[in-house]
Amino acid sequence: LDVRRPPFPEDARLRNVAGTVILSFVVDVAGRPVPATVYDYWDAPAPVPLDLKPQYEAFVRNARRAILDGRFAPATVAGCAVPAPVTQPFQFVLQ
């Protein structure tokens, strides 16, 4: 697994907004994420609050770029590489 830490969005930093983004995607047999399969999901009972939506979308954009630039070990079945779904959380923490 080789995924760089996504940069913290400047607007979120200025507004003291932190959080976690969860991305799902498929890793192909070469260990590359399939771009058309990358999507985020909000793991909470209520939708993203409207006042936080721009920061959440910036977190998703940065995490998506990190995923698409990353390399992964492909899943194997009986010694053969196969495409496989992956779920990856990204924590954006203020420091």
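Worth pointing out:
- Residues being surrounded by 15 or more Cβ atoms within 10 Å (Cβ to Cβ) and out of contact with any helix residue (DSSP H, G or I) (no Cβ under 9 Å at 6 or more places or on another chain) - total across the range 4-21: 1
- Residues that are within 13 Å of THR20 (Cα to Cα), open to solvent by 40 Å² or more (accessible area, probe 1.4 Å) and assigned to a loop (DSSP other than H, G, I, E, B) within the range 47-95 comprise VAL93, LEU94, listed in sequence order.
- Test result for TYR39, touching a strand residue (DSSP E or B) at 6+ places or on another chain (Cβ under 8 Å), within 30 Å of ALA84 (Cα to Cα) and open to solvent by 50 Å² or more (accessible area, probe 1.4 Å): yes
- Failed item in (1) open to solvent by less than 30 Å² (accessible area, probe 1.4 Å); (2) out of contact with any Lys or Arg (no Cβ under 9 Å at 6 or more places or on another chain), with ASP28 passing the rest: (1)
The values are calculated or read from the model by the stated rules, or taken from the named source; none is laboratory data. Not measured: the values here are computed from a predicted model. With ideal geometry, Cβ positions are generated from the backbone for all residues, glycine too; neighbour counts draw on all protein chains shown. With ligands, DNA and RNA removed, areas are computed over all heavy atoms of the protein, side chains included. Shrake-Rupley method; radii C 1.70, N 1.55, O 1.52, S 1.80 Å.
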